[in-house]
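Below is one structure, written out as structure tokens; comments come after it.
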Amino acid sequence: MSTLVMKFGGNVLSQDTGIADTLAAIEKQKKIWDHLVVVTSAQSGITDALHQIVQIAVAGERNAVRQDVASLREIHLQAATNALGNSPHLHTL
């Protein structure tokens, strides 16, 4: 039983072509290895945004937290849409 661990950094995942290339690499390796573990970092700037959201939450600004979380969700949905196009997997997001 063979296992491959693949790790992709946030800068690669911040570009549409990087996401598509990452998905292609994963698909290729899935055919070769018995088990595949994929680890990803947050997209560039996302960790800082999450820290900021925590600070806003601690300050009790619920509406601002909701807005910022919605913005992060939109960023990720847009990146997925750009990378996956009309993929049937897109609706699961």
(Q) If I go through the stretch 1-20 residue by residue, how many of them are within 12 Å of the chain's Cα centre (by Cα) and free of Cβ contacts under 8 Å to residues at least 24 places away in the same chain? (A) 3
(Q) If V39 meets every condition in (1) in contact (Cβ under 8 Å) with a residue 12 or more places away in the chain; (2) part of a helix (DSSP H, G or I) apart from one, which number is that one? (A) (2)
Q: Please specify each residue of the stretch 52-90 satisfying the condition of being among the acidic types (D, E) and loosely packed, with under 12 Cβ neighbours inside 10 Å.
A: E74
Q.
Just to be sure I understand, how many residues within the stretch 11-23 are outside any loop (DSSP other than H, G, I, E, B) and open to solvent by less than 60 Å² (accessible area, probe 1.4 Å)?
A. 5
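The values are calculated or read from the model by the stated rules, or taken from the named source; none is laboratory data. Note that this is a predicted model, so its numbers are computed, not measured. Note: ideal-geometry Cβ built from the backbone for every residue, glycine included; neighbour counts use all protein chains shown. What goes into the accessible areas is simple: the full protein's heavy atoms, side chains included, and nothing from ligands, DNA or RNA. Shrake-Rupley method; radii C 1.70, N 1.55, O 1.52, S 1.80 Å.
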